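S.K.: Sending over a structure as structure tokens; questions will come in a sec.
The values are calculated or read from the model by the stated rules, or taken from the named source; none is laboratory data. Note that this is a predicted model, so its numbers are computed, not measured. No Cβ is skipped: glycine too gets one built from the backbone with ideal geometry, and neighbour counts run over all protein chains shown. Ligands, DNA and RNA are stripped out before the accessible areas are found, and what is left, the full protein with its side chains, is counted by its heavy atoms. Shrake-Rupley method; radii C 1.70, N 1.55, O 1.52, S 1.80 Å.
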Amino acid sequence: TDGRNQTVMFDTLEDWRYELERTKGNVKYKAVTTNEGYRVSEKLPLYFVVPICISEESILKYEGRGIPIWCWSCHNGAALLKMSAFPKEQDDSTSQMQKAFLDGIYKTISKPPYELLKTEDLSSSLPSLQDIQTAYTRFKQLFLIDNSTDFWATDVKWFSLLESTNWLEIIRRVLKKAIEVAECLERQHTNVLLIEESATDLCCVISSLVQVMMDSYSRTKSGFQSLIQKEWVIGGHGFLDRCNHLHKSDKDEAPVFLLLLNCVWQLVQQYPPAFEFTETYLTVLSDSLYVPIFSTFFFNSQHQKDINTSGESLKIQSGPFRFLTVWDWSVQFDPKAQAFLNNPLYAEKPKPDKSQRKTARFKHQRQLSLPLTQTKSSTKRGFFREETDYLIKNILGKTIGKFINSSDESPNSFREFYDSWHSKPVDYHGLLLPRIDGPEIKVWAQRYLRWIPEAQLPGGGTIATTAKILELMEEVQSLQVKMDEEHNQGTFGDVHSVPMLRNSARLSSLFPFALLQRQSVKPALPTSTWKDLEDEEDLVKRDDEFVDLGGEML
């Protein structure tokens, strides 16, 4: 499979071997067929990768539990691994046997040619799935607004309501954990073994985030989709239970995949040129999670998908029923709409100069030396509107201080790594570390505010900036076309594939999602006193102008 331009599905042995070769992990790790016919476990995929020194007998012994499964190899040889933990409540004899088994495994993979090993028990270092579900349920309530009155009533206490959900703090903790893992791999050249009861929830989140941060291939559209296939779909994340698709029971529901997308969005909005896809891509991907015609996010495991898509019950007159894959975006969107998924400002990786090929080394350009002076993060907008800068600095000073100096802050090693990286210019094709202090963690506005008219800024937001840049790019391209015609060469890019964003002043800040303005008044003074003054017509003389985008909506 050529994974450079299309999504790798990871349902064949060849796909895993290709990934091992791509990451140069094939020296120490091997793809195994031990689970063919699901003889090891129905929870594991048919094919997966383990250290070369792990025997088939070890894999079979505890149905795959206690076995380090390979996720990805760093450029320096250090690898990211995951493992299903043994159940904690066991009788003494069983527990002793399992401990001896684990000690043997650790001993085997901790000696040369393998790097030193660090274990990371995610169930004790990150919030529980129940905590994540509770926080997200509260967070969603903030956006279930039926009218303008409710909107402006909640806007007054927006920050306190937002903080009380704990959702942004969970995102911050997850990003911080991913940075800690990246530091072990990048700076300490240490293998990291992520441990979780099933290794199919928070393991998926952290392993995916680390790869997005450290591997520029995962920041291309096909690379990101391949990553989701590898870590989530084939990796055995329980989409059916976690998304509660069948509405059978709420007890297993938790927005684990949405948590990943929220974390990736933080990186996309902090470093737009580093990603081939846009926030609109992430938004429609999150929507696709609940579209039942796709098999991608519908099952708990590869085994469950296999038995439900190959059974006689799905035979129809024209042959076996075929589920669609979400990665075929033409099923949902026409070519014009699909263009919104691609980032026209993506900084493509430059091809190496042939004359420089011998000396070229494809390592991260950043040096990890400490900065001479402590750097301050740049002032950023608040969670909701530009006008909140003053509020953040003054009213929320104590709250943000709690985020930065919280008791779970890592030792100096983490802070040195974090501050050193942020003191250097960004290499969009090297290591990317998200900014996680205080107000740097934002609400994914396009996803959560898109159906609330009052939250939209006509002619504002990033879409206005993008439109202006695209106009300049079109001018540059037209000049390039003229130059290329003289030299009989192809053009360097097709900016015209992007839908024309003329008259950006008419677009919503949450374009391409929009909703007609509610027939209600907006207060000119959105404070807690406006309801007492709503009879005073001079305070609320006019509604915001809102333009129906018509055919321009997705």
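S.K.: Can you go through Q211, Q266 and tell me which one is in contact with a helix residue (DSSP H, G or I) (Cβ under 6 Å, 6 or more places away or on another chain), buried (at least 21 other Cβ atoms within 10 Å of the Cβ) and among the polar types (S, T, N, Q)? Give the derivation first.
M.R.: Numbers: Q266 fails: in contact with a helix residue (DSSP H, G or I) (Cβ under 6 Å, 6 or more places away or on another chain).
That would be Q211, the only listed residue that is in contact with a helix residue (DSSP H, G or I) (Cβ under 6 Å, 6 or more places away or on another chain), buried (at least 21 other Cβ atoms within 10 Å of the Cβ) and among the polar types (S, T, N, Q).
S.K.: Next question. Looking only at helices (runs of 4 or more DSSP H) that lie completely in segment 135-202, which have at least 1 residues being at pLDDT below 95, surrounded by fewer than 19 Cβ atoms within 10 Å (Cβ to Cβ) and not aliphatic (A, V, I, L, M)?
M.R.: Numbers: elements: 148-156, 158-165, 167-186.
Correct list: 148-156, 158-165.
S.K.: If you don't mind, another one. For segment 303-312, check the following and say yes or no: at least one residue is open to solvent by less than 10 Å² (accessible area, probe 1.4 Å), modelled with pLDDT under 95, over 29 Å from E440 (Cα atoms) and not in a helix (DSSP H, G or I).
M.R.: The initial filter retains those residues of segment 303-312 that are open to solvent by less than 10 Å² (accessible area, probe 1.4 Å), namely none.
No: segment 303-312 contains no residue that is open to solvent by less than 10 Å² (accessible area, probe 1.4 Å), modelled with pLDDT under 95, over 29 Å from E440 (Cα atoms) and not in a helix (DSSP H, G or I).
S.K.: While we're looking at this one, here's another question. So which residues in segment 17-38 are assigned to a loop (DSSP other than H, G, I, E, B), open to solvent by 40 Å² or more (accessible area, probe 1.4 Å) and modelled with pLDDT of 95 or more, if there are any at all? If you could, list the steps in order and put the result at the bottom.
M.R.: Let us first name the residues in segment 17-38 that are assigned to a loop (DSSP other than H, G, I, E, B), namely 23-28, 33-35.
Checking the rest, the ones that are also open to solvent by 40 Å² or more (accessible area, probe 1.4 Å) come to 24, 26-27, 33.
If the condition is that a residue be assigned to a loop (DSSP other than H, G, I, E, B), open to solvent by 40 Å² or more (accessible area, probe 1.4 Å) and modelled with pLDDT of 95 or more, then K24, T33 are the ones that fit.
S.K.: Only one of (1) open to solvent by 60 Å² or more (accessible area, probe 1.4 Å); (2) free of Cβ contacts under 8 Å to residues at least 24 places away in the same chain; (3) not in a helix (DSSP H, G or I) fails for H75. Which number is that?
M.R.: Condition not satisfied by H75: (2).
S.K.: Which pairs do you get when a residue that is at negative phi, found in segment 96-111, comes within reach of a residue that is part of a helix (DSSP H, G or I) and open to solvent by 50 Å² or more (accessible area, probe 1.4 Å), reach meaning Cβ atoms under 9 angstrom, with the pair 6+ apart or on two chains?
M.R.: F101/K61
S.K.: Could you go through segment 114-126 and let me know if any residue there is in contact (Cβ under 8 Å) with a residue 60 or more places away in the chain, open to solvent by 40 Å² or more (accessible area, probe 1.4 Å), assigned to a helix (DSSP H, G or I) and over 17 Å from S55 (Cβ atoms).
M.R.: yes
S.K.: Which of the numbered conditions does F257 fail, given that it passes all the others? Conditions: (1) assigned to a helix (DSSP H, G or I); (2) within 29 Å of G77 (Cβ to Cβ); (3) not hydroxyl-bearing (S, T, Y).
M.R.: The failed condition is (2).
S.K.: Moving to a separate point now. Exactly one condition in (1) assigned to a loop (DSSP other than H, G, I, E, B); (2) without any contact (Cβ under 8 Å) to a residue 40 or more places away in the chain is not met by L44; state its number.
M.R.: Single failed check for L44: (2).
S.K.: Right, D131: under 19 Å from C203 (Cα atoms) and surrounded by fewer than 17 Cβ atoms within 10 Å (Cβ to Cβ) or not?
M.R.: Numbers: under 19 Å from C203 (Cα atoms): yes; surrounded by fewer than 17 Cβ atoms within 10 Å (Cβ to Cβ): yes.
It is true that D131 is under 19 Å from C203 (Cα atoms) and surrounded by fewer than 17 Cβ atoms within 10 Å (Cβ to Cβ).
S.K.: Does at least one position in segment 323-339 carry a residue that is open to solvent by less than 30 Å² (accessible area, probe 1.4 Å), in contact with a strand residue (DSSP E or B) (Cβ under 8 Å, 6 or more places away or on another chain) and modelled with pLDDT of 95 or more?
M.R.: Yes: segment 323-339 contains one or more residues that are open to solvent by less than 30 Å² (accessible area, probe 1.4 Å), in contact with a strand residue (DSSP E or B) (Cβ under 8 Å, 6 or more places away or on another chain) and modelled with pLDDT of 95 or more.
S.K.: A further question follows. Considering every residue within segment 234-256, establish whether at least one is within 12 Å of the chain's Cα centre (by Cα) and either surrounded by fewer than 17 Cβ atoms within 10 Å (Cβ to Cβ) or farther than 22 Å from Q338 by Cβ (or both).
M.R.: Here is the first cut: in segment 234-256, the residues within 12 Å of the chain's Cα centre (by Cα) are 256.
Applying the additional criterion that residues be either surrounded by fewer than 17 Cβ atoms within 10 Å (Cβ to Cβ) or farther than 22 Å from Q338 by Cβ (or both) yields 256.
Yes.
S.K.: Same structure again: Between a first residue in segment 269-295 that is buried (at least 18 other Cβ atoms within 10 Å of the Cβ) and a second residue that is in a helix (DSSP H, G or I) and among the polar types (S, T, N, Q), which pairs have beta carbons less than 6 Å apart while being 6 or more apart in sequence or on different chains?
M.R.: What qualifies is E279/Q446; T283/Q446.
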